[in-house]
Structures are given as C-alpha cells and as structure tokens.
Amino acid sequence: MRSFAGVFIGKLIFVLICFTFMGPVCLVVGYMAWRDGAEFTFVGPAIGIGLAITVPIPFVALKAAREDFPGITLRNRLADGAETYDDDTFVMLVPRSSAATDGARVARADVVKATLVSYDPDNEATFTTYGGNYAPAEFTARVRLTLRVHETDGVAGFETTDDRLVPSLCLAAVTAGRLVVNVDPADPGKAMVRWPRSLMLSGVRAFKVIGLDGQRTELTGRPDLLLEGMRGTGPAGGIPMTADAIDLRRLDAETAARYGALAERARALPADRAPITEPGEEARWIVDELPGEKGEFGRVSRRWVRRGGHLARGRFLELRGTCTFQTHGPVLDTVLRVEPTHGSPPFLAERRLTLPMNYLAVLHRTHEIVLQVAPNGRSFVIDWARTNLLAGVTPAKVISLDGEEHSLTNRPDLIWPLMTLLATHAVSIPGPTLDLRTRPAGPLANEATALLRGPTAANTPHL
C-alpha cells in the first residue's frame, strides 16, 4: 500500500513540473547574478519572483497529498454533539433522477442482467471538478440493463433492455437487483429508473419511519412496503426521501397515517424481509470490470508491527456526492465511525475521500472498511485492498494443510480474524488466497485452522 511520504513526494514532483521549475530557476539566476555583483534592480526581482513561486510549492504538494491519500487523523474528528448518528445509520445523497412525466406509475423492476458497456474517462488530471450538481457522463458507467418490470396500476409487466448511465453511488442497486422505475401508460414498454429510490428499494440505503410517538421502525429490506409508500405519495412517488428516515411528525396528516400503517405492518412481521440480493447476482456482477483495487489479505511491514501498528475497522455512516471526480471513483464527503482496538473509544470522523467504484458496487452487502492504525494510534489509513476482500469485491479463499480449498466469500466474520492474525504476526499475503501450506503462513497454520473451525465457521461447509 502507498505511504503518505511516497504520495507527498509524487505530488511534489508533479507540482514542480507544473510550475516548470520557474521558481527555483529564478532563485538560481538571482543568486548567480548577486555573486557576480549585479545591481539590486535585477537581483531583487529575480529572487522575489523565485521565492513567490517556490515557497508555496511544498504547501500545494502537501495539500494535494492529503486530498489523495486515504488517511484520517484526529483533525477530522467531528465535535462531540455536532450531529447524532444511530449505529445503523447510512445516509446517501446522490444526484436526482430526471423528473417523471405526468401520469407516470411507480413500479418495481428486477435486474435480470447487467453488462458494463463503457467506463473510460478521457482524463489525465488527478482531480476533475465540474460546476453544478450533476454527474458528468464521462465519469459515469454506461451499463446495459435487462429489466423485468412488474405489473403496476394500469400497466402490464414487460421486459426491456437498454444502455443506461448508472451514477457511481447507485451501482450497488444494480448488483442487488431491485430498482424503482416510472412507467408511462401512454408509452408502454419503456421504464425510467429512479436511482435514489432504487437505493432504498434494494436495501443499499437505510430507511426508517419515525412515528408520532418518536418510535423508530425499520423499513430497510422491505421493498413491498417501501413501494407501497412511494405509490401513495403522488402518481410518481413525489415525497422527497433524501435522509435515512422519514419523520411522521413533519408530514401532513394523510401521508403520516399512510406511513404509520406501513410501520405497523413492518412491526407485525419483523422477519418478512427480502434477501440482500435477488437471485441471479452472477448475471449482474459488473464489479470485476469497474476500477478499484483488488481484494487481498494484505501486505504488512514488520517495522510497523513492532512499533505497535495494527488493523482496525470503521463504518461509513454518510456519503454525499460532490462535483469532483477521479478516474477510479467519485470524490465524496463522508462521515464514518472509526472503531479503534486496544480499548480506545470509537469516534466519528468527517473526511473527503475518493471511493473506488468496485467498492461502491457492493454497498448492499456492507458499509465497513479496514483501517491501518499508526503506531501512535492517532492516524488511520483506509486499506482498500483489505476492505475490498472483506466486502466481497474479490472472492476470498483458504487452502488447508490437506490441500482442500474453502471459499470465504461473503464471510467477513471469518476473513477479519484471519486478516488480524496475519497482520499481528507481520505476515504478508498479497492476494485473496491464503495457502496454509506455504512458508509465510505455515507457522500460523494451526491458529488459522482453529479460527476456521470455531463458532463463527458454523455456516461454512467442510471446515
């Protein structure tokens, strides 16, 4: 994994090239002229221009390095009481869908198949910023979607295939397989995807109802109830749903009664939840084609471990889109909970980060991240390689001493203790496969086998 020093040196060289070394050249010219006895009218401006250009260079490079490096320090800590987040909060603010036509109906659509058509921005700059609140086409994946639209009021069900631009923050809705669409009875056979609402219907984004008595009822993973609520608020589901909860105390009486009834039904059948992903996810798995680091058990420095460095976990609580993009992912304003080990209390941090698109495509599975903790315990670096393995971006696998292969994909409860075991003993496994027969992992084979056969492995076959 890149170090901050390496990123800073790269940015320093880049800034120097951008300034074409004009500042240092002016300083050298001024110094040489001064040594040769030139008059101050020449030496002064040359040195002044050189200082004016040269002095800001390391500060510009430092600022650019901090923006590019996925590090979190105590300076990013949210002030106590600045904002309250529940443990299961997950808020996503994404670009709005186009306005629905008059008379459009709200319907559910299942993603039968998804194929990445193109994502190849013609961009050489580290960051590209646009004016206005929209997602530019060049930084948006074009995906060929085959949708099976369910029957809705006055419109029969149908199947359609089209190339569609999928906002980066909405990729997980495609992987999960449930979308909200608007269907116009006057134009059957066409469906307009409502991306923010699709995040809720697919379970990517948390959604609760806060009752008139202040009681919170979870509707996440209840597409039947969510869709009914959307249909009941205008022909195109016009009530805004931008946070992770809807407060009935702030709605009109009719809408509050409607959502109150939905909350009662959810409490009556708490186990009646949809799966995390619809069947046939392999036909929608565009994750491997999206930019971002591949998952691995991770590399580790012996010096870092000896000095007290270790791994910790964090969790995203809020993601807000910005107008800045990088080739491998959008730049987002994030709020995350950092959960240090070794007895330190969790804390909330606010940080602008670039999130890789392959991680965004699996947000329906997890919002967790893996952090490398500095030996002093005051700075944290997001380890995207380990994060992506824990999130299931890359299939994880363990080969036991007898040569049998065991899949750990979608088993973070098993992957995490193995990661920490390897990191604690400074064992690097640069890949998604942990082979206990190899020399690096050999000394830990017995401990790893015990973890695999422990209580958390009860649902994993053949361990």
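All of the numbers you see were taken from the coordinates with simple rules; none came from a lab. In this text the structure is predicted, and so the values were computed from the model without any measurement. Here the Cβ positions follow ideal geometry from the backbone for every residue, glycine too, while neighbour counts run over all protein chains shown.
Structure values in brief
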item: In Hz, Karplus ³J(HN,Hα) per residue of the range 149-161 (6.51, -1.76, 1.60; θ = phi - 60°; x = Gly, Pro); result: 7, 6, 5, 9, 4, x, 10, 6, x, 7, 10, 9, 10
item: Gyration tensor verdict on the range 348-436 (Cα atoms; rounded if a/c is under 1.5, prolate if a/b is larger than b/c, oblate otherwise); result: oblate
item: Protection-proxy order for peptides 445-454, 309-318, each taking the mean of Cβ atoms within 10 Å per residue, highest first; result: 309-318, 445-454
item: In the range 340-434, the GluC sites (Glu not before Pro) that fall in loop regions by DSSP, at most 12 other Cβ within 10 Å; result: GLU404
item: Neighbour-count order for ILE429, ILE276, fewest beta carbons within 10 angstrom listed first; result: ILE276, ILE429
item: Point-charge dipole on Cβ atoms (K/R +1, D/E -1) for the range 244-377, about Cα centre, debye to 20; result: 820
item: DSSP-loop GluC sites (Glu not before Pro) across the range 118-202, with at most 13 other Cβ within 10 angstrom; result: GLU124, GLU151
item: Interchain or long-range residues, amide H under 5 Å from VAL112's placed H; result: THR146, LEU147, ARG148
item: 3J(HN,Hα) from dihedral phi, the range 353-370, Karplus parametrisation 6.51/-1.76/1.60, rounded to Hz, x for glycine, proline; result: 9, 8, 9, x, 5, 5, 6, 4, 6, 10, 5, 6, 8, 7, 10, 8, 9, 9
item: 3J(HN,Hα) from dihedral phi, the range 85-94, Karplus parametrisation 6.51/-1.76/1.60, rounded to Hz, x for glycine, proline; result: 10, 6, 4, 9, 5, 8, 9, 10, 10, 10
item: Prolate/oblate/rounded label for the range 290-457 (Cα gyration tensor, a/c 1.5); result: prolate
item: Residues with amide H under 5 Å from that of MET92, placed H, sequence gap 5 or more; result: LEU319
item: 5 angstrom amide H check on THR220, placed H, neighbours 5+ away; result: PHE207
item: Options TRP304, SER400, VAL331, ranked by Cα towards positive dipole end of the range 303-405, top entry (Cβ charges); result: TRP304
item: Cα gyration tensor, the range 94-282 - rounded (a/c under 1.5), prolate or oblate; result: prolate
item: Dipole-positive endmost among ALA172, PHE158, LEU227 within the range 94-282 (Cβ charges, Cα centre); result: LEU227
item: Computed magnitude of the charge dipole of the range 290-457 (debye, nearest 20; Cβ of K, R +1, Cβ of D, E -1); result: 500
